[in-house]
Amino acid sequence: MKFSSVALGLLAATAHGFTTSPHFGLKHSSFMPQPSASSASSPLQSLQSARSTTTSLNAATLKKGSDEKTEEAFVPMRPPIDLDWDDIGKQLKDSFGYSDKDVEAYSKLSKEELLETYESMQLARLFENACNQQYMGGKIRGFMHLDNGQESIPALVSDSIRKTDKKYSYYREHTHALASGVSPGAVMAELMMKEGGTCKGAGGSMHIFDPETYFQGGWALVSEQLPYAAGAAKSILQDRVLGLSDGDDFKKRDVAPPKDDDRISVVFIGEGGSQNGRMAEVLNSAAKDNLPLLILVIDNGRAINTFTPDIATNSDVYKQGAHYGVPGILVNGENAEDVVKAGRATVDYVRKNGPAILQVHTYRFNGHSPADPEHERGRKDEKKWARASQDPIKIFEQKFTSEGVVTDEELAAIKKKVQKQVKEAVEFADASPMPPVELAKELEFPDAPDTDYNLKIPPAFAAEVNERTISKEKMDTIQEHIANLRAKSDAGEITIGDAINLAIHEEMLRDPTTTMHAEDLQAGSSYDIPKLTQQTYGQTRAADEIIDEGHFIGKALGEGMNGYRPIVELMNTNFGIYGMAELSSAGNTFATTGGKFDMPMTIIGAGGTAPNQSLGAEHSQPFHAYVMGIPGLKIGTAASPAAAYGITKSMIRDNGPTFLFAPVKMMKEAKGSVDLDKCLPLNKAALLNEASDEAVNGGKAVTVLTYLHGVKEAEISLEAIQEEGLDIDLIELRSLKPLDKETIRKSLARTHKLAILDESTYSGGVGATISAIISEEMFDELDAPVKRLCMDDAPVPYASSMEKAVVKRSSDLIDAVAELVMKQH
Ligand SMILES: Cc1ncc(C[n+]2csc(CCOP(=O)(O)OP(=O)(O)O)c2C)c(N)n1
């Protein structure tokens, strides 16, 4: 067992405190019971028990003797782990199956490689010191999460991670971006809100993105990046299956990846974030699909002010994969040389075999962010201590100069070179202009609201890819299925579910980069929407998913950033509640990345709340209203097969995230025909009934806005309304966002009265938003206040007698139209 000088220093200091594994250099206390061979069956278990023992410790007083003066000695809450290379080698053999010879091959870094490690660490440190200065000078604002003390991780990244590997980091990502080759000037400019920034100043400190280096975030919701990285890993498999690769414009071209393609996806995550359930899902998915995914856990033991062991039963994140068969190892982040060497071994394992976890034990010298108050239990002294004794840069300098491997002059020259680089980055950022005010609106959608999707050109390689990836037998089967559905349409007999399924198949054949995700997918889910997709296009393109919508919307997001066009089918749109974080980030991506990443994701599902639905409260929520506030999302509805077909096709072709809601109770019952091969606009409402001139001229007409089941309810009420000598302009809101204000205004200019039959709640509902817009922008057209017929602010009851009081229907509409017409103006 070797002890580093740092560890030796600590040996005395910790003598009072905790039980640790001698194997890993944690020190045994003479006051604590020693772990027996049976109570700590492996070195790593010993380490774990040591950690839990130390959680209650802070600082201890070491007494040299009862009559001696008391001497204060610092005992950190998190003891250093001081694993040496032998310990790491053992883990590499036990966890990854490496041989002694393999481990030996990883055991040395050349002098040149050591100097590169040093340079990478210095770039991270000096760049972030400059960030601190700019923050203090007021040029960087908001949150800024610095990485000081954790520089061995960027050193690993610049050593083993290639430009073409996909990288998914979190809000503490500046150094990961630099190590991935993102320009320091562009990162600094992004932090300083400048147009020359990686995202033109739209992203900021927590959202660094760079297409060229495949640096794909920069995500600020703790752990959200996990499924995205899995989706990116999946896109690598898709490239291989389809024989596609990225062109210079990062769009797919018909060139197969090289035979030895060994790209991986890397996800960075804190030990706090690793306790999130997304970790379990990602491990499951990574193991199931054998994804080339490296989970790089940066374990600084702190989650903002929380000492992570206070909330986590087990901080050994590298063992979390055991349940799924994903191996992991632990390394000491203060020893940059070992981090780089172990990083190489782990990355090589992932390239050749599949997913793995690498947990790096570090100390972070700064608080969470300068904007945060620091209330970290036991941290003040620990930071001081860590800066003095656990700094990977100082440890590196001390070790390799004292061993004569490198000279002070060589290190000084590197530091000087990096200082110049950082100075230039600040100068570049200073010189860059602020982004223009108009950019915010330009970044709302990648495709303008009035896009004609019929004009979109399919990829030239579609026929070739279909030919080589779909067998003749399967192609015959799907063509027959398509022909049957088209015949049903011709006969006016196609359902909404089948119309969407038809559109999906036509689009998946038209563009082989289109993928599908759903639960119960093989069986066609609940309404046949994904029917025959897996059977035709295979498991990689059409994935049956675990039951967490957040997980597979997240994976779709990762595919969407990597040249694919994922479709997600939700068995019921309400289940999308589990994917709120992922939906919101999908909506943000185009704008937050300064327009550098499209997000061609389509979510489709049956939802809404029909009268007499009898599904209970949780299946009857207005999820369409919940997502209305997500920027960047185009939201459509379709209450007929024709609308469902044409909108689905357009949404799949759109380069931004889109969400189609279909009426759950009408999926099989509404039948009709579709306009074959035609895309519908995503910004248009449909006038389903035009009030007669007679009714309009007599002041007996009302505009009715509705969608989903409301369309059927309104159609049912039409006869009764007309029998009374009244009439309605019945407008189906096929686009909830963007809203077709033109069609509404045109109708109000005739009727001057408006009822909204709304399948969402009184507060925060679709009707509430539309009513506000009309009051603000079309007030002059109104002769009476807008009449909202919406759901009460109450959970939808099961019993139909009670449900009647909450969910509005045709009878309510008939009354409302009569009431509006009676209103004097
Ligand atoms: C979903 C979500 N919840 C809470 C937060 C606030 N938050 C930001 S960082 C953080 C702690 C994360 O700790 P850890 O994963 O260990 O990473 P570290 O910051 O230490 O690098 C929290 C709670 C957030 N950004 N996202």
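Would you kindly state how much longer the chain becomes between Asp261 and Asp815 on full extension, computed as 0.36 nm times their sequence separation minus their alpha carbon distance, in nm to one decimal?
Taking 0.36 nm per residue and subtracting the Cα distance, the gain is 192.8 nm.
Obtain the nm distance between the two label points defined at Asp792 and Lys288 by a simple spin-label model: each point lies 7 Å from its Cα along the Cα-to-C-beta direction.
In this crude spin-label approximation the distance works out to 4.1 nm.
With a cut-off of 8 Å between alpha carbons and a minimum separation of six or more residues, what is the relative contact order of region 686-822 in percent?
Relative contact order for region 686-822 comes out at 29 percent.
How high is the relative contact order of the chain, in percent, counting Cα pairs under 8 Å that sit 6 or more residues apart?
It rounds to 10 percent for the chain.
By count of other Cβ within 10 Å, fewest leading, how are Ile635, Ile264 ordered?
Ile635, Ile264
Checking the a/c ratio against 1.5 first, then a/b against b/c, what shape does the Cα gyration tensor give for region 453-672?
oblate
Grab the Cα-Cα distance for Ala805 and Glu776, subtract it from 0.36 nm times how many residues apart they are, and report the gain in nm with one decimal.
Extra length from Ala805 to Glu776 when fully extended: 7.5 nm.
Which loop-located GluC sites (Glu not before Pro) does region 431-498 contain, where loop means any DSSP state but H, G, I, E or B and the Cβ has at most 16 other Cβ atoms within 10 Å?
Sites meeting the loop and neighbour criteria: Glu438, Glu444, Glu493.
Which three numbers, in whole Å and largest first, are the semi-axes of the equivalent ellipsoid of region 686-822 derived from its Cα gyration tensor as √(5λ)?
23, 18, 13
Compute the distance from the alpha-carbon center of region 629-693 to that of region 769-825, in whole Å.
After rounding, the separation between the Cα centres reads 23 Å.
Which log10 I(q)/I(0) values does region 413-557 give at q = 0.09, 0.18 Å⁻¹ under the Debye formula, counting every alpha carbon as one identical point scatterer?
Ignoring solvent entirely, the Cα scatterers give -0.49, -1.14.
Residue farthest toward the positive end of the dipole of region 686-822, with Cβ of Lys/Arg at +1 and Asp/Glu at -1: which of Ile814, Gly710, Leu688?
Going by the Cα projections, it comes out as Gly710.
So which GluC sites (Glu not before Pro) in region 656-694 pass both tests, a DSSP loop state and at most 11 other Cβ atoms within 10 Å of the Cβ?
Here the sparse-neighbourhood loop sites are Glu669.
Under 8 Å for C-alpha pairs, at least 6 residues apart: give me the relative contact order for region 582-699, rounded to a whole percent.
30 percent
Using 7 Å Cα-to-Cβ label points, what is the Glu112/Leu687 separation (nm, one decimal)?
Label at Glu112, label at Leu687, 7.4 nm between them.
Local charge sum around Asp102 (other residues, Cβ-Cβ under 15 Å, Lys/Arg +1, Asp/Glu -1)?
Once positives and negatives cancel, what remains is +3.
With charges set only on the Cβ (+1 for Lys and Arg, -1 for Asp and Glu), what does the dipole of region 453-672 come to about its Cα centre, in debye to the nearest 20?
Charge dipole, region 453-672, about its Cα centre: 500 debye, nearest 20.
How would you classify region 346-428 from its alpha-carbon gyration tensor, with a ≥ b ≥ c the square roots of the eigenvalues: rounded for a/c under 1.5, else prolate if a/b is greater than b/c, otherwise oblate?
Because its axes are fairly even, with a/c under 1.5, region 346-428 counts as rounded.
With +1 on the Cβ of every Lys and Arg and -1 on the Cβ of every Asp and Glu, and nothing else charged, how large is the dipole of region 96-431 about its Cα centre, in debye rounded to the nearest 20?
Charge dipole of region 96-431: 500 debye, to the nearest 20.
Considering only C-alpha atoms, what is the centroid distance from region 142-206 to region 707-764, in Å?
Taking the Cα centre of region 707-764 as reference, the centre of region 142-206 is 49 Å away.
Taking 60 Å as R0, compute the FRET efficiency from the Cβ-Cβ separation of Glu669 and Asp94 and round it to 0.05.
Computed FRET efficiency for Glu669 and Asp94 comes out at 0.50.
Please state the shape class of the chain: rounded when a/c is under 1.5, otherwise prolate if a/b exceeds b/c and oblate if not, all from the C-alpha gyration tensor.
Judged from the Cα gyration tensor, the chain comes out prolate (a/c at least 1.5, a/b above b/c).
I need Ile414, Ile298 ordered by Cβ neighbour count within 10 Å, fewest first.
The most exposed by this proxy come first: Ile414, Ile298.
From the residues Gln359, Ile478, Ala799, which one has its Cα farthest along the dipole of the chain in the positive direction, the dipole being from +1 and -1 charges on Cβ of Lys/Arg and Asp/Glu about the Cα centre?
Of Gln359, Ile478, Ala799, it is Gln359.
Hey, what's the per residue convex hull volume over the C-alpha atoms of region 96-431, in cubic angstrom?
Spelled out: Cα convex hull of region 96-431, divided by residues, is 135 Å³.
Describe numerically, in nm with one decimal, the distance between label points set 7 Å from Cα along Cα→Cβ at Lys823 and at Arg141.
Taking the simple label geometry, Lys823 and Arg141 are separated by 4.2 nm.
Among Tyr106, Tyr363, what is the fewest-to-most ranking by other Cβ atoms within 10 Å?
Ascending Cβ contact count within 10 Å gives the list Tyr106, Tyr363.
On a full-extension model of 0.36 nm per residue, what is the gain between Gln398 and Ile546, subtracting their alpha-carbon distance, rounded to one decimal in nm?
Additional length available on full extension: 48.3 nm.
Round to a whole angstrom and tell me the spacing of the C-alpha centers of region 409-431 and region 457-477.
Taking the Cα centre of each part, region 409-431 and region 457-477 sit 52 Å apart.
Mind putting a number on the dipole of the chain about its Cα centre? Charges go on the C-beta only, +1 for Lys and Arg and -1 for Asp and Glu, and I need it in Debye to the nearest 20.
Value, rounded to 20: 1720 debye.
Helix-only mean residue ellipticity at 222 nm, the chain, DSSP H runs n ≥ 4 weighted -39,500 (n - 2.57), per residue, nearest 500. What is it?
Dividing the helical sum by the residues of the chain leaves -12500 deg cm²/dmol.
Every read-out reported here was derived from the displayed coordinates using simple, explicitly stated rules and does not represent laboratory data. Given the structure is predicted, the values throughout are model-derived calculations rather than measurements. Don't worry about glycine lacking a Cβ; one is built from the backbone with ideal geometry, like all the others, and counts go over all protein chains shown.
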